[in-house]
Amino acid sequence: MRFKEAVEKLPEFKWGDTPKDKIVLKWGECQIQPPQSVVEEIEFAGKNCFAYPDPQKNEAYAALEEYTGFPRENLLVTNGSDKLLRLIPECVIEEGDSLVSMSPTFPVIESAAELAGGITRKIPLEAGKGFKLPLERVLEEAKDSKIVYLANPNNPTGNLLVKDEKNLRRILETDSLVVLDECYYEFSGISFAGLTREFDNLIVLRSLSKCFGMAGMRFGYSIASDGITKVLKRVEETVEPFDCSSISLAAGATALREVKYYEKERREIAGLRERLASELNSMGLECFASVSPFVFCGVSGISEGGNFAKRLEENGVVVKYYPNYGNFVRFGIPREENFEKVVEAVGKTCGELKGN
Ligand SMILES: Cc1ncc(COP(=O)(O)O)c(C=O)c1O
């Protein structure tokens, strides 16, 4: 009964179409093309897809050990990091427990906690201070909560919520389980995964979706103490031993060894991000500083957010609008060849909305 009520309360997502004839910058993806080595692995695994994937994920763990410097006892590979955002509350949250989360942030873990009988305590980020984390409020709420979720960098705002290890230590010392989502870590260059060696109430989440341009593959992983990893792995391997496809495991393992290639691609995207922010600012949007592969922008100087996104889509560019948050939209970063088209479409939209 409890489960049924929780399902009925889930937010109803209207995902919308992903039109092929428009430039889609809605999903916070990173438009990196795979290197030849990854393409070859995808082809090889595709030709052998009659076989189940390796339930031990040996290749993926070997590559991750090398990439992260952590042994496999501290690593768990899953079908995207979304899977971890679902699995963790399933294993931790009981009826009436609280999860602390921010507003705005990536909401998947909140729904998963609520399905497990939990309650979300939402803390607004300090919009006037560049979406800063209100640390004292987080510490207060964390004291009697089971989980604190921090996306670092945060989606959609693009900034780091935790820059300073000292602040994270204070949150960890509340004893709440801290889920630190480092899905965009390779863009920000800041990771606190090392603290998992000291704190067994820290789980760091990572993904190949964004920083390796592999959102379509579904490859996420966590870094945590032996104890937490064992519990999560036991549940995942019992309930869904073949959760990752053989194609994503092979492609992911190969991508993790192409460090230089991906670093170069990310540098290009970061350059395009800065160019885009400067163009958008010059047209009257208000872009917030981002260390992620997207830009969060206030559009109240132009129009109401939903209206802006709708008109921009009519002009060929699809961005994400936040109906529950205000007049903000999030732009993913276009590829170089689409850059001018995006700038033109925004210019046209601003002109139309201002009645020029
Ligand atoms: C902060 C954050 N965490 C997790 C995810 C989910 O990523 P994945 O594709 O690995 O499931 C996203 C995707 O947008 C995200 O922004």
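Could you sort out which of Lys22/Lys122; Lys233/Lys320; Lys210/Lys341; Lys9/Lys348; Lys22/Lys132; Lys57/Lys122 sit more than 31 Å apart by Cα distance in this structure? Beyond 31 Å between Cα atoms: Lys22/Lys122; Lys233/Lys320; Lys9/Lys348; Lys22/Lys132; Lys57/Lys122. About its Cα centre, segment 213-356 has a charge dipole of approximately 160 debye under the convention of +1 per Lys or Arg Cβ and -1 per Asp or Glu Cβ, with nothing else charged. Under the combined filter of DSSP loop state and at most 15 neighbouring Cβ atoms within 10 Å, segment 251-346 retains these GluC sites (Glu not before Pro): Glu304. Full extension of the segment from Ile119 to Asn48, taken as 0.36 nm per residue of separation minus the current Cα-Cα distance, would add 21.1 nm.
For Phe339 and Gln33, what is the calculated FRET efficiency with R₀ set at 25 Å and r taken between the beta-carbons, to the nearest 0.05? Numbers along the way, then the final one.
On the way: r = 16 Å, r/R0 = 0.64.
After rounding to 0.05, the efficiency reads 0.95.
The value for segment 1-141 of Rg(Cα) / (2.2 N^0.38 Å) is 1.38. The Cα-based radius of gyration of segment 8-68, divided by its Kirkwood radius, gives an Rg/Rh of 1.11.
Shown for Ile247, Ile42: other C-beta atoms within 10 Å of each C-beta, ranked fewest to most, produce the order Ile42, Ile247. The residues Cys30, Cys350, Cys91, when put in order of fewest to most other Cβ atoms within 10 Å, stand as Cys91, Cys350, Cys30. Working from Cα pairs under 8 Å separated by at least six residues, relative contact order for the chain is 23 percent. Fully extending the segment from Glu94 to Glu8, taken as 0.36 nm per residue of separation minus the present Cα-Cα distance, adds 29.1 nm.
For segment 267-316, averaging the sequence separation of C-alpha pairs within contact (under 8 Å, six or more residues apart) and dividing by the residue count gives a relative contact order of 26 percent. Pairwise Cα distances in the chain exceed 24 Å in 59 percent of cases.
Applying 0.36 nm per residue to the separation of Glu240 and Ser282 and subtracting their alpha-carbon distance, the gain on full extension is 10.2 nm. Between the C-alpha center of segment 236-291 and that of segment 10-71 there is a gap of 11 Å. If the Kirkwood radius is taken over C-alpha pairs of segment 62-201, then at 37 °C and 0.692 mPa s the Stokes-Einstein diffusion coefficient equals 212 µm²/s.
Between amide H atoms placed 1.01 Å from N, distances below 5 Å from Met102 occur with Ile123, all of them 5 or more places distant or on a separate chain.
Out of the trypsin sites (Lys or Arg not before Pro) in segment 283-356, which ones are loop residues according to DSSP with at most 16 other C-beta atoms within 10 Å?
Passing sites in segment 283-356 are Arg335, Lys354.
Overall, the chain carries a charge dipole of about 640 debye about its Cα centre when +1 sits on the Cβ of Lys and Arg and -1 on the Cβ of Asp and Glu, all other atoms neutral.
Could you please rank Ser282, Ser245, placing first whichever residue has the fewest other Cβ atoms within 10 Å of its Cβ?
Ser282, Ser245
Label-to-label distance for Glu165 and Asp17 is 5.2 nm, based on points extended 7 Å past Cα in the beta-carbon direction. Out of the GluC sites (Glu not before Pro) in segment 159-244, which ones are loop residues according to DSSP with at most 14 other C-beta atoms within 10 Å? For GluC sites (Glu not before Pro) across segment 159-244 that sit outside H, G, I, E and B with at most 14 neighbouring Cβ atoms in 10 Å, the list reads Glu173, Glu198.
Each value in this text was obtained by applying a stated rule to the coordinates, not by laboratory testing. Every value quoted in this text rests on a predicted model; they were computed, and no experiment measured them. Don't worry about glycine lacking a Cβ; one is built from the backbone with ideal geometry, like all the others, and counts go over all protein chains shown.
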